1. Highest mean first, what order results for 118-130, 145-157 on Cβ atoms within 10 Å?
2. Tell me, in nm to one decimal, what length is gained between E210 and E98 on full extension, where the rule is 0.36 nm per residue of separation less the Cα-Cα distance?
3. Pull up all non-local amide H partners of E93: gap of 5 or more, or a different chain, and H-to-H distance under 5 Å with H placed in the peptide plane.
4. Explain nothing, just compute: Karplus ³J(HN,Hα) = 6.51 cos²θ - 1.76 cosθ + 1.60, θ = phi - 60°, for every residue of the range 68-74 in order, whole Hz, x for Gly and Pro.
5. Once the other residues with Cβ under 10 Å from the Cβ of P152 are scored (Lys, Arg +1; Asp, Glu -1), what is the net sum?
6. Which whole-Hz couplings ³J(HN,Hα) result when phi for each residue of the range 180-192 is put into the Karplus expression 6.51 cos²θ - 1.76 cosθ + 1.60, θ = phi - 60°, listed in order with x for Gly and Pro?
7. Simple spin-label model, 7 Å along Cα-to-Cβ: Q155 to D186 in nm?
8. At 0.36 nm per residue, minus the direct Cα-Cα distance, what do N138 and E196 gain on full extension? Give it in nm, one decimal, please.
Amino acid sequence: MELIDDYSKEFIEETKEKQIKRIKPRRKVISIDEIRMRKRNNRESANHNDYGNEGFLLMIFYYLGCTLTLRKIKKEGKNQKLKIESIKYEDIELLSREGIEKDIEESKLLNNLNEKTRIKRIIVNIIIDNSMLDILKNQFGFVFDQVVKKKPEKQFMPERWILEHIKLKKDWTVKEIIEEGSKFYDNIKLFGKDKEVIQLSKEIVSKYIEQTLPKTTSIENTTESENCYFSV
């Protein structure tokens, strides 16, 4: 009888343990405010990554000796990108927003589309970012790794590529690219804070520094002077 009782107790304990294991932990109830905060944080993180990646590409073009033309947009704030109007190398126009917009209009790709203006803006920005990578690769011979940022919103829209890794004087990881690119973008805005259209090149920055620094200060090293504004 004692054996039966012992067995029964053991069986009951095992059954309880199994039942406890089967009970799944309750999912934490998330409030609407928490959901909104998570979405906002995710959006801010994505904006920071885009901002830094584009800033790093602009930095490369700047140090290659290109002239960058950028326009401020009405919406301002942290990680808010500028409109890239054109990139020129000496007298050669490597990239033109106006030309890209004209090609899209002539293709009639967006005819009869709802939200035509918004879709056009997205496509133009994707093409500009992708074109910067293509130019660095095909015109200047850079070798780097790139990945698709995310699937396009519409089937007819191009995939957006971003820089993942590049070897210059050092190996640049994604995180380093984003952080350094963000610094450079911030400095572009600082340089053009009083301008609607910002023109930027090594020559323009050097002249600006010569005019603004005290006349008693000699500028023997242009690169060192540029680094007052642009860290790399």
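1. Values: 118-130: 17.7, 145-157: 11.7.
Descending mean neighbour count gives 118-130, 145-157.
2. Contour length minus the Cα-Cα distance gives 37.0 nm.
3. none
4. After applying 6.51 cos²θ - 1.76 cosθ + 1.60, I find 9, 10, 10, 10, 6, 10, 4 Hz.
5. +3
6. Coupling constants for the range 180-192: 5, x, 5, 4, 5, 4, 4, 6, 4, 4, 5, 5, x Hz.
7. The two pseudo-label positions are separated by 4.4 nm.
8. Numbers: separation 58, 0.36 × 58 = 20.88 nm, distance 3.14 nm.
Length gained, N138 through E196: 17.7 nm.
All of the numbers you see were taken from the coordinates with simple rules; none came from a lab. Remember, it's a predicted structure, so these values are computed and weren't measured experimentally. Virtual Cβ from ideal backbone geometry, glycine too; neighbours counted across all protein chains shown.
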